[in-house]
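Please read the structure below before turning to the comments.
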Amino acid sequence: MKDDFLKHQGQTTPHPLAIEISHANGSYIYDSNGKAMLDFVAGVSANSLGHNHPKVNEAIKNQLAQYTHVMVYGEFIQKPQVELCKALAASLPPNLSSVYLVNSGTEATEGALKLAKRFTGRSEIIAAKNAYHGNTQGAMSVCGAEQQNRAFRPLIPGTKFIEYNNEVDLEKITTNTAGVILETIQGGAGFIEPQNNYLTKVKQKQRCEEVGALLILDEIQSGVGRTGTFWGFENYNVTPDIIITGKGLGGGMPIGAFIASFEVMDCLKEHPKLGHITTFGGHPIIASAGLATVQEITSSNLMKEALRKEKIIRDAFKNHPAVKEIRGKGLMLALLVDTPEAASQVILNCLDKGLILFWLLFEGRAIRITPPLTISDEELKKGCDLIVSELDKL
């Protein structure tokens, strides 16, 4: 299987982990040799309810018995799509009531950028250095990591970059700007939270509202309960004009969405018609899984528990000399150690001992901890103890 994997499946890195998966359940993934691995990554924040969650599985099976794909998105009324859009709108301020379902976070980014340009009639986009919003051409154009972008230039023109949390840079947002796209919490850059009411200043007090630009917040990782509120921006006293979501929204299934007011979203349906289209976006089986995920998170105590579990993790490492900083919020956390080599040592040694950790894209010193929201206290403590034992060796 490994030979075929390396020979026939397009690779993303020269050295994939190449673990052959047998099955997964709850907080554990099992390889083909029967080894149980405690999952502290959750598919890079995607498996919000863990693996094989019964309510997600039941929703998928029930919908599978009814129908799968029947028509390109937006032409037929399909209950799973409508119910998911309605549930997402219910989680938001009243003006953010129009949801466009797509296939992934990066496609949601593409749609949001088009929407900002179409609504404002402008072409300039402001994005952050070391941002990550996806890997298609448009999304890469607003990812401020030149080490990733340079091999694929020219990308889409008209993007300017600012430094996240740098208020002086907000002067770059002008009447030429269609939209400012930011991660609520910068992910690949190292789980960097907004400081000193930064997002509020971007939106209200200083720039976007003043010049007529739209604020796009990327909630692909920070949304759907991971930071203790359903949307990450609820922690930071700001309401965006457009929201991008994905990852954890599908409960392990591929999904994305961009969300705006009816007034803003409405501009995609005329001049020209079909301003944004997708064949499989809002697929009824995926939408059913998404709805079950949203309902479980909003009707349970998982969001409140995410903050309590954050404290368990922070308490485990707060006094460890090898941990220089703990970044993030809720169950979106990163441990920073001295060097990228030290981080890799901990990640790979823990993997060998049955704990799945992972890296962040642009911050090599970081050790990602983004477990399922459903992880138990016992599982959390077990994983943290194993990390501590590896940190002790640094």
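The values are calculated or read from the model by the stated rules, or taken from the named source; none is laboratory data. Note that this is a predicted model, so its numbers are computed, not measured. Cβ placement follows ideal geometry from the backbone for every residue including glycine, while neighbour counts extend to all protein chains displayed. Protein only, heavy atoms only, side chains kept; ligands, DNA and RNA dropped before computing areas. Shrake-Rupley method; radii C 1.70, N 1.55, O 1.52, S 1.80 Å.
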Between the residues 50, 176, 230, the Cα farthest towards the positive end of the dipole of the chain, that dipole coming from +1 and -1 charges on the beta-carbon of Lys, Arg, Asp and Glu, is from 176
Nearest-20 debye value, the chain charge dipole, Cβ charges on Lys, Arg, Asp, Glu: 260
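Rounded, prolate or oblate: pick one for the range 220-312, where a ≥ b ≥ c are the square roots of the eigenvalues of its C-alpha gyration tensor, a/c under 1.5 means rounded, and failing that, prolate if a/b is larger than b/c, else oblate.
Details: a/c = 3.06, a/b = 1.61, b/c = 1.90.
Oblate is the answer for the range 220-312, as a/c is 1.5 or above yet b/c matches or exceeds a/b.
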What are the lysines whose alpha-carbon lies under 19 Å from the alpha-carbon of residue 324, with same-chain residues fewer than 8 places away excluded? 311, 393
Lys, Arg +1 and Asp, Glu -1 on Cβ, resulting dipole of the range 290-339 about Cα centre, debye, nearest 20: 160
Sort out for me the Cα centre separation of the range 1-57 from the range 217-273, rounded to whole Å. 27
With n ≥ 4 as the cut-off for DSSP H runs, can you work out [θ] at 222 nm for the chain, using -39500 (n - 2.57) per run divided by the number of residues, rounded to the nearest 500? -9500 deg cm²/dmol
To the nearest 0.05, how large is the calculated FRET efficiency for residue 174 and residue 89 if R₀ is 30 Å and r is the Cβ-Cβ distance? 0.40
Specify which residue in the list 143, 119, 102 is farthest towards the positive end of the charge dipole of the range 100-164, using unit charges on the beta carbon of Lys, Arg (+1) and Asp, Glu (-1), about the Cα centre. 119
Accessible area of the range 193-335 divided out per residue, in Å², using a probe of 1.4 angstrom: 38
List the pairs from 2/247; 117/160; 79/304 whose alpha-carbon separation is above 18 Å, in the order I gave them. 2/247; 79/304
At 1.4 Å probe size, with the rest of the protein present, what percent of the exposed accessible area of the range 237-394 is carbon and sulfur atoms? 54
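What ranking do 160-170, 136-146 get when scored by the average of other Cβ atoms within 10 Å per residue, highest first?
On the way: 160-170: 16.5, 136-146: 20.2.
Result, highest mean first: 136-146, 160-170.
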Charge dipole of the range 121-257 about the Cα centre (unit charges at C-beta), most positive-ward option of 132, 166, 214: 132
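By the gyration tensor of its Cα atoms, with a ≥ b ≥ c the square roots of the eigenvalues, what is the shape of the range 202-251: rounded for a/c under 1.5, prolate for a/b over b/c, or oblate? Could the numbers behind the result be given before it?
Details: a/c = 4.36, a/b = 2.02, b/c = 2.15.
It comes out oblate by the Cα gyration axes.
With a 1.4 Å probe and all protein chains left in place, how much accessible area per residue does the range 1-160 have, in Å²? Write out the running numbers ahead of the final one.
Details: 8660 Å² over 160 residues.
Here the per-residue accessible area is 54 Å².
Please give the charge dipole size of the range 112-234, origin at the Cα centre, charges +1 on K and R Cβ atoms and -1 on D and E Cβ atoms. Round to the nearest 20 debye. Working shown, then result.
Working: 14 positive and 13 negative charges, 88 e Å.
It works out to roughly 420 debye.
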Could you tell me the distance between the Cα centroids of the range 161-205 and the range 92-146, to the nearest Å? 14
Per the 1.4 Å probe, what fraction of the accessible area of the range 97-143, in percent, lies on carbon and sulfur atoms? 49
Could you pull out the pairs from 203/309; 201/329; 172/203; 35/382; 61/114; 201/273 whose alpha carbons sit more than 25 Å apart here? 203/309; 61/114; 201/273
Rounded, prolate or oblate: pick one for the range 1-145, where a ≥ b ≥ c are the square roots of the eigenvalues of its C-alpha gyration tensor, a/c under 1.5 means rounded, and failing that, prolate if a/b is larger than b/c, else oblate. oblate
Most fluctuating residue given options 16, 254, 54, as computed from a GNM of the chain linking Cα atoms under 10 Å: 16
Please go through the range 207-304 and write out the trypsin sites (Lys or Arg not before Pro) that DSSP classes as loop and that have at most 15 other C-beta atoms within 10 Å. 269, 273
